[in-house]
Amino acid sequence: MTASARLSLSRALSVMAGSAFYLALAIWGWGGIEPYFTHPALSTLTLAFFVMAFASLFCGGNLSPGLREDRGNRWVLPVFAILGLINAFLPAWSDRRDFWTLDGDALRWFGVALFVFGGWLRLWPVVVLGERFSGLVAIQPGHKLVTDGIYNTIRNPSYLGLLLNSLGWSLAFRSGLGLLVTALLIPPLVARIKSEERLLLDEFGAQYRAFCARTWRLVPGLW
């Protein structure tokens with residue numbers, strides 16, 4: 001087996017094992033497999049979750065520090081991981097306990113739809129950027145500034161997708177606590193955006209300034 005094949009296999013095993021663990025936390029929070037899958041909306045949420053996890057294996061991306069990295073921003077990665085694990089368990093737990101929940105089964109389905117849309121918005125920029133998309137704040141070999149297509153209006157569509165994905169997950173469980181966890185993602189996300197902007201401004205200069213002048217950071221019309 002080649003080094004590239006071993007790396008791909010390792011990535012696939014890591015993604016699927018991580019996804020299974022995440023779902024296991026949600027099932028545990030809901031009180032077990034049987035009660036969890038009695039809800040069609042939660043069954044659909046689970047199917048969408050694994051479809052997106054599988055799709056992520058073919059989207060590209062890496063964890064390479066590339067040619068130049070802002071290592072001072074690495075603190076956001078464990079923060080995202082911790083908040084992600086909390087959000088796997090807490091909304092399901094609060095839904096089962098009916099603790100600080102929102103009403104309406106329609107809300108569950110809206111959450112599922114938002115989860116799917118957010119997941120698509122999270123993954124599509126990875127497809128566009130390929131190996132230039134890094135989990136680290138770094139300039140990659142052959143790095144080019146993409147300013148068209150999905151980047152024509154907002155500069156960070158994948159981060160918006162992350163927030164919508166988390167929001168949809170919480171709403172699928174009708175969880176007010178989950179909404180708070182999603183809100184806690186915003187400060188480290190903003191820190192990461194600012195770190196990326198400094199690095200890109202240093203790398204691309206006037207080209208990046210012009211790009212910033214005609215686009216929104218995260219939410220069109222707001223910021």
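A short reminder: the numbers here are calculations on the coordinates, not readings from a lab. None of these values were measured; they are calculated from a predicted model. Please note: Cβ atoms are built from the backbone with ideal geometry, for glycine as well, and neighbour counts cover all protein chains shown.
Each principal axis of the range 119-168 carries a Cα extent, and these read 35, 22, 15 Å when sorted largest first.
Angle of helix 186-204 to the longest C-alpha principal axis of the chain, folded into 0 to 90 degrees and rounded to 10: 20°. Scaling the Cα radius of gyration of the chain by the globular reference 2.2 N^0.38 Å produces a ratio of 1.07. As a length-normalised measure over Cα pairs under 8 Å and 6 or more apart, the relative contact order of the chain settles at 27 percent.
Each part reduced to its alpha carbon centroid, the range 186-223 and the range 58-109 end up 22 Å apart. For the range 150-223, evaluate the Debye formula with one uniform point scatterer on each Cα (no solvent term) and list log10 I(q)/I(0) at q = 0.15, 0.16, 0.27 Å⁻¹, rounded to two decimals. Reported log10 I(q)/I(0), two decimals: -0.57, -0.64, -1.24. Full extension of the chain between Phe117 and Leu145 gives 7.6 nm of extra length, using 0.36 nm per residue less the Cα-Cα distance. Sorting 205-215, 165-175 by their mean Cβ neighbour count within 10 Å, with the most densely packed peptide first, gives 165-175, 205-215. Could you give the angle, 0 to 90 degrees to the nearest 10, between helix 40-56's Cα long axis and the longest principal axis of the Cα atoms of the chain? Helix 40-56 and the main axis of the chain meet at about 30 degrees. Okay, helix-only estimate at 222 nm for the chain: each DSSP H run of n ≥ 4 adds -39500 (n - 2.57), divide by all residues, round to 500 deg cm²/dmol; what do you get? Per the formula, -22000 deg cm²/dmol.
Taking Cα atoms only, the orientation of helix 3-30 departs from the longest principal axis of the chain by about 40 degrees. Here's how it looks for Ser134: its modeled amide H is under 5 Å from those of Asn62, which are all 5 or more places away or on a different chain.
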